[in-house]
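First comes the structure, then the notes that go with it.
The values are calculated or read from the model by the stated rules, or taken from the named source; none is laboratory data. Since the structure is predicted, the reported quantities are computational estimates derived from the model, not experimental observations. Positions of Cβ are generated from backbone atoms using ideal geometry, with glycine treated the same way; all protein chains shown enter the neighbour counts.
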Amino acid sequence: MEAVGLLKELSAEHKSYETILTDPDVLADYTCEFFGENGPYPVADEAPAQPQMMRTAGQQFQAPTAPQRPEMPVPPQPQATGNPADFWNNFGSLAERDPSNAWRYLNAAQTNPEVFRQKLLVME
């Protein structure tokens, strides 16, 4: 007979969940109680502090200025390498010998972007 009592409890719990989730007034009341003063997760009703940018009527509003970034020189452009075929042949042999460091050969500081424009790159 314990199984019947357990099933009745589960049925009542299911009906209460269904009521909360389908009736917006019940859900609103539950939420207000849950987050209210006596709920498990009370939320303080304090007004947020006014930011320092807010001024009284007599003061002028001054927006904070962002710090200026220093001017940096433009990095030098890579110089043209010889024959693009030689570049890719060298890269292929390096990739076969030391694949973990092959990316360094492709570094933009070491290669000319024109080499990549002339190479047909295919991915399957």
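For the reader, a short list of remarks on this structure follows.
- Top-ranked residue in region 78-124 [being hydroxyl-bearing (Ser, Thr, Tyr) and at pLDDT 75 or above; ranked as surrounded by the fewest Cβ atoms within 10 Å (Cβ to Cβ)]: SER100
- Some residue of region 54-70 being touching a helix residue (DSSP H, G or I) at 6+ places or on another chain (Cβ under 8 Å), surrounded by 10 or more Cβ atoms within 10 Å (Cβ to Cβ), of a type outside the set (Phe, Trp, Tyr) and modelled with pLDDT under 90: no
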